[in-house]
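All of the numbers you see were taken from the coordinates with simple rules; none came from a lab. The structure displayed is predicted, hence computed values, not measured ones. As a convention, Cβ positions derive from the backbone with ideal geometry for all residues, glycine included, and neighbour counts pool all protein chains shown.
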Amino acid sequence: MTHTESDTPAAAPPGHISPQPEAQRRILRVLFLSQILSGAGLAAGITVGGLLAEQMLGSTGLAGLPSALFTAGSALAAVLVGRISQARGRRPGLAAGYLAGAVGAAGVIAATVVDSPVLLFAALFVYGSGTATNLQARYAGADLAAPACRARAVSSVLVATTLGGVLGPNLAAPTGDLATALGIPALAGPFLLAGAAYALAALVLALRLRPDPLLLARQLDAAQAATAPSPTTPEETGKRRPGVVLGALVMILTQLVMVAIMTMTPVHMAAHGHGTAASGLVIGIHVGAMYLPSPLTGRLVDRYGRLPVAAASGLTLLAAGILAATAPAGSVALLALALALLGIGWNLGLVSGTAIITDSVPLATRAKTQGLVDVSIAIAGATGGLASGLVVAATGYAFLSLTGGILALAILPAIAATAAAKPR
C-alpha cells in the first residue's frame, strides 16, 4: 500500500524525508508477508496459553500467568530488537526476534510433552519475542513514509497480521488433532503452527527486506540535512506535536486493558461449557478487530489528527468492558462483539500512539526509543495478564471487564492536558 510516498524530493517540506517509492513499496510487500506469518504465530499463545497453565497447575488464579510471561518476555525482546535495529538496521533486528519466538514455541511443545510447568513458563517467556517483533515491524513500515501519511504506512503493516491472526485461533482444534496424532497434548497443537510461522517470518525478512528501511531513511535524512542544516520542523524540534510520554501512555493503557480482558475470555468461556472451537472463534474475531481496521484508522489519524483518534480508543475500550461485563456467559455472539470492540479500541490506540511516537523522535535515536516505548507496552501487557487471573479468581470476569473499561478512560485527561499545552 502506498500513498504520498511517491512524492518527489522537491515536493517534500524542508527537513522531511522524501521516501523512495519503489523501495517503500518493496519494503511494505515484504513486511506484509512476514506479518501474515507472524500473526498466526502470536495468536497461538492467546488462544490456549491460559488453558495450558490452568490444565498443568489446576488453578484458575494462575491462568493469566502465561500471558504475563510472554508479554514480559516481549519486554526484553523489545529492548534487544530495538538495540539491534538501532545498530544494524531493521532486517537483523526483526529476523532475530521472530527466530527467538520460534524457539520459544518449540520449548512450549517440549514442556507439554514432559509435563514441566517450569519449562513451560521459561518457554513462554522466550515465545514473547514473537509478540514484540510483530509490533516492532510497524515502525519499519513508517521509516520511509512521508510524515503526512505515516499512520497509513503503519496501518498497512498492521492489517497484514489480520490474515494470520484470524486464521491461527480457528486452527486450534485442527492443530490439536494433529498434535494428538503426533503423541503431543492437544493444547500444544497451536504452538506447532506458531513455531513454523515465526521461523518462516524470520526467513522472509532475513532474505527479502532489502533495502533496510531504517538505514535508507538515515541516508536520505543525512542528505537533506546537508542542504538544510538548521531544520525547524515539528519532528526535529519536538515542540509542535504531542511527545513521547503521551504516545507511550496511550499505548500502555490500551495494551493493559486489552490483554487483561482478552486473556481471561477463553478461561471464562471454558468455565461455562464452551470448547476450544468457540473460544478460538471469539479470539479470532478479536484478533481480526485488532488489525483489520488499520487502513481506516491510519486514514483517520492522518486526516483528523493523532489526539481525536487516541480519545476514541479510550471510549471504545469502555464500551467493550461494559459489554463483556454484562454479556450472558452462554452468548458466544455477545462475547465476540465485546472482544471485537476491545480489538478496535486497541487498534485506535496503537496506530495513533505509534504516529505520536514516530513524529516526536528523530531518526538518530528512533529505533532505540521505539524499543524502550514497546518495553513499557509489554510490561503493561504482562501486568494485565498476571492480574487478570487473580482478579477473576477473587471477583469474577464481569468485575475485571468493567474495571478495565473504566481504566481506559484515563487516556482522556492525558489527551486534554496535552492539547491544552500545545502552543497556539
For Lys368 and Asp115, FRET efficiency with R0 = 45 Å and r from the beta-carbon atoms, rounded to 0.05?
-> 0.65
When the chain is treated as a GNM, springs tying every alpha-carbon pair under 10 Å, which of Leu94, Leu171, Leu57 comes out with the largest mean-square fluctuation?
-> Leu57
Gaussian network model of the chain, springs between alpha carbon atoms under 10 Å - residue of Tyr397, Tyr291, Tyr198 with greatest fluctuation | Tyr397
Give the residue from Ala223, Ala110, Thr365 lying farthest towards the positive end of the charge dipole for the range 17-421; charges sit on Cβ (+1 for Lys and Arg, -1 for Asp and Glu) and the dipole is referred to the Cα centre.
-> Ala223
Report the extension gain between Leu178 and Thr395 in nm, rounded to one decimal, defined as 0.36 nm multiplied by the number of residues separating them, less their alpha carbon distance.
-> 74.4 nm
Output ³J(HN,Hα) for the range 194-200: one whole-Hz value per residue in order, computed from phi by the Karplus curve 6.51 cos²θ - 1.76 cosθ + 1.60 with θ = phi - 60°, and x for Gly and Pro.
-> 4, x, 5, 5, 5, 5, 5
Local net charge near Ala312, Cβ-Cβ under 15 Å (Lys/Arg +1, Asp/Glu -1) | +2
First check a/c for the range 17-421, with a ≥ b ≥ c the square roots of the eigenvalues of its C-alpha gyration tensor; if it is under 1.5, answer rounded, and if not, answer prolate when a/b is larger than b/c or oblate otherwise.
-> oblate
Report the full-extension gain for the segment Leu409 to Arg208: residue separation times 0.36 nm, less the Cα-Cα distance, to one decimal in nm.
-> 68.2 nm
